[in-house]
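Okay, so here's the structure we're looking at.
The values are calculated or read from the model by the stated rules, or taken from the named source; none is laboratory data. What you see is a predicted model, and the numbers here were worked out from it, not measured in a lab. Using ideal geometry, Cβ is built from the backbone for each residue, glycine included, and neighbour counts are taken over all protein chains shown. Please note that ligands, DNA and RNA were not included when accessible areas were found on the heavy atoms of the full protein model with its side chains. Shrake-Rupley method; radii C 1.70, N 1.55, O 1.52, S 1.80 Å.
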Amino acid sequence: MSDRRAPLQQPYGTAYEQMLEKVRYEGAYPTRERAEEAVRLVLAGLGRQVTGDERVELAACLPVEAARVLTAQIPDTQPLTGWAFVKDLAARNGAGLATTRWDTGSVLTAVAALAGHDLLTRILDQLPAGYALLFGRAELTQAA
C-alpha cells in the first residue's frame, strides 16, 4: 500500500517573507499576495535589464525566491530607460502607469536596501537614465 499524499508546499524562507512584508508595508498593499505580485513583476523586469557581474551580485543579495525570479529572465539586448521600464511593466501586467510606477518604486527601494550602496551605484551606472528615482535615489546628471 502506497501513501500518495500531495506534496507539502514549501513555505517561503524567512528572508523572502521579510522582503514581502517590507514591500507590503512600504507600498501600503492590503495583502501579502498583492505585494508578492508586485515583487515578481518588478524583479522579472529588472532581470531583463541588469547584466554581468552586477546581475550575479544582486542575485546573491536577494532571498533565494526573489533571486530565482530575477535570474530566470534573459537580459534584453536593448536596455530600457527608467520610464520605458515602467511602461513595459504596465503593458505586460495590464495595469495603469501610476499603479505600475508605485509597484516599481515599492519593490526597488526594498531591493536597494538589500543590495547596499556600492552595488546599487554600480547597477545604476550600468542602466540607462531614469532608474535612480525608481530605486529611491536622486537622479544626478553630470554637467556637459
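Among the residues of the stretch 16-32, those that are hydroxyl-bearing (Ser, Thr, Tyr) and free of Cβ contacts under 8 Å to residues at least 24 places away in the same chain comprise Tyr25, Thr31. Selection of first residues in the stretch 87-100 that are closer than 13 Å to Arg48 by Cβ and of second residues that are assigned to a helix (DSSP H, G or I) and open to solvent by 40 Å² or more (accessible area, probe 1.4 Å), restricted to Cβ pairs under 6 Å at least 6 apart or on distinct chains, gives an empty result.
Table: residues versus (1) touching a Ser or Thr at 6+ places or on another chain (Cβ under 6 Å); (2) in a helix (DSSP H, G or I); (3) more than 17 Å from Gly105 (Cα to Cα).
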{"residue": "Glu26", "(1), (2), (3)": "yes, yes, no"}
{"residue": "Tyr29", "(1), (2), (3)": "no, no, no"}
{"residue": "Ala35", "(1), (2), (3)": "no, yes, no"}
{"residue": "Val39", "(1), (2), (3)": "no, yes, no"}
{"residue": "Leu46", "(1), (2), (3)": "no, yes, no"}
{"residue": "Gln49", "(1), (2), (3)": "no, no, no"}
{"residue": "Val56", "(1), (2), (3)": "no, yes, yes"}
{"residue": "Ala59", "(1), (2), (3)": "yes, yes, yes"}
{"residue": "Leu70", "(1), (2), (3)": "no, yes, no"}
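Scanning for something farther than 25 Å from Glu57 by Cβ, of a type in the set (Ser, Thr, Tyr) and under 16 Å from the mean Cα position of the chain (by Cα), does the stretch 92-102 turn up at least one residue? Among the residues of the stretch 92-102, at least one is farther than 25 Å from Glu57 by Cβ, of a type in the set (Ser, Thr, Tyr) and under 16 Å from the mean Cα position of the chain (by Cα), which makes the answer yes. Quick check on the stretch 56-66. Is at least one of its residues open to solvent by 30 Å² or more (accessible area, probe 1.4 Å), acidic (Asp, Glu), in contact with a helix residue (DSSP H, G or I) (Cβ under 7 Å, 6 or more places away or on another chain) and within 16 Å of Leu114 (Cα to Cα)? Yes, some residue in the stretch 56-66 is open to solvent by 30 Å² or more (accessible area, probe 1.4 Å), acidic (Asp, Glu), in contact with a helix residue (DSSP H, G or I) (Cβ under 7 Å, 6 or more places away or on another chain) and within 16 Å of Leu114 (Cα to Cα). If the condition is being of a type in the set (Ser, Thr, Tyr) and either at pLDDT below 95 or in contact with a strand residue (DSSP E or B) (Cβ under 6 Å, 6 or more places away or on another chain) (or both), then the stretch 52-92 contributes only Thr77. Of all residues in the stretch 92-144, those that are of a type in the set (Val, Ile, Thr), out of contact with any Cys (no Cβ under 9 Å at 6 or more places or on another chain) and surrounded by 19 or more Cβ atoms within 10 Å (Cβ to Cβ) total 4. Only residues that are aliphatic (A, V, I, L, M) and either open to solvent by 10 Å² or more (accessible area, probe 1.4 Å) or more than 23 Å from Met19 (Cα to Cα) (or both) were counted in the stretch 73-89, giving 3. Considering the conditions (1) out of contact with any helix residue (DSSP H, G or I) (no Cβ under 9 Å at 6 or more places or on another chain); (2) modelled with pLDDT of 95 or more, Ala110 is excluded by exactly one of them, (1).
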